[in-house]
1. Round to the nearest 10 and give me the degree value, 0 to 90, for the angle of helix 162-182's Cα axis relative to the longest principal axis of the chain.
2. Could you give me the ³J(HN,Hα) list for the range 139-145, computed from phi with Karplus coefficients 6.51, -1.76, 1.60 and θ = phi - 60°, whole Hz, x at Gly and Pro?
3. Restricting to the chain, what percent of DSSP beta bridges are antiparallel, rounded to 5?
4. Assuming a ≥ b ≥ c are the square roots of the Cα gyration tensor eigenvalues, decide whether the range 25-183 counts as rounded (a/c under 1.5), prolate (otherwise, with a/b larger than b/c) or oblate.
5. Determine Rg/Rh for the range 1-92; Rg is computed over alpha-carbon atoms and Rh is the Kirkwood hydrodynamic estimate from the same atoms.
6. Residues with amide H under 5 Å of Leu142's amide H, sequence separation 5 or more or different chain, H placed in the peptide plane at 1.01 Å from N; which?
7. Please name whichever of Ile114, Val148, Tyr171 sits farthest to the positive end of the charge dipole of the range 2-182, dipole taken about the Cα centre and charges placed at Cβ: Lys and Arg +1, Asp and Glu -1.
8. Which lysines have a Cα less than 23 Å from the Cα of Lys26, not counting those fewer than 8 places away in the same chain?
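Each value in this text was obtained by applying a stated rule to the coordinates, not by laboratory testing. Quantities reported herein were computed from a predicted structural model and do not represent experimental measurements. Backbone-built Cβ (ideal geometry, glycine too); neighbour counts: all protein chains shown.
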Amino acid sequence: MQVLIAYHSDYMHTQAVADAIVAGAKAALADADEVANVVLKQTVDVGLDDMCAADVLIFGSPVHMGSMAWQMKQLIDSGSKLWMAGELEGKIGGVFATYGGYGGAGGGVEQTLIALHANFLEHGMLVCGFPRSLSGYAYAGLHWGLAVRTGNEEGMPEGIDEAALLAARAYGSHVMETALRLK
Ligand SMILES: Cc1cc2nc3c(=O)[nH]c(=O)nc-3n(C[C@H](O)[C@H](O)[C@H](O)COP(=O)(O)O)c2cc1C
């Protein structure tokens, strides 16, 4: 199985979450004795061939001004060439975002996750949400996917707590277990 985890990160929070997703994914693959190649790349390094080769694609972005970072949107728009040929149809997707939490109610994280869903669904992929039964649901689970808050009450960067990283690992495992079941 080929797995691509693509993310944008300016200040390393989203990267730390992506690393935890990789760890969870690898743990699930090892448990299932599945030989797999898990590739972690920043959006700028992802090519169309990476997307075509992957059986599972997990995309993540920080929230910027209420939606995804433009670097992630650029990757998504470059993937429109694959839509014409239906190259990604039937593949499994996962989505994650980090956010400061401006306004206290999410600052656009749901919108970001939904936009990431929309891209995968437009390609005809199947996208995994974050079920309530997974570890860390209360800290970073949304039915859309993984949402990790990194800001404090003043809207300033605070970091990522261990419970959110646990949720990230659980989400990585969940997406992989889903892909293995469908395989
Ligand atoms: C340009 C910019 C715009 C941002 N806009 C929002 C926003 O609208 N809502 C929000 O909750 N957080 C916002 N944030 C906070 C980031 O989403 C948050 O700090 C994120 O975890 C940063 O991820 P990174 O460290 O991987 O770059 C913004 C940060 C930057 C740099």
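1. 20 degrees
2. For the range 139-145, the Karplus-derived couplings read 9, 8, x, 10, 4, 6, x Hz, x marking Gly and Pro.
3. 15 percent
4. Judged from the Cα gyration tensor, the range 25-183 comes out oblate (a/c at least 1.5, b/c at or above a/b).
5. Reported Rg/Rh, Kirkwood definition of Rh: 0.98.
6. Amide H neighbours of Leu142, under 5 Å, 5+ apart: Phe130, Ala147.
7. Result: Ile114, furthest along the dipole toward the positive end.
8. Those lysines meeting the cut-off are Lys41, Lys91, Lys183.
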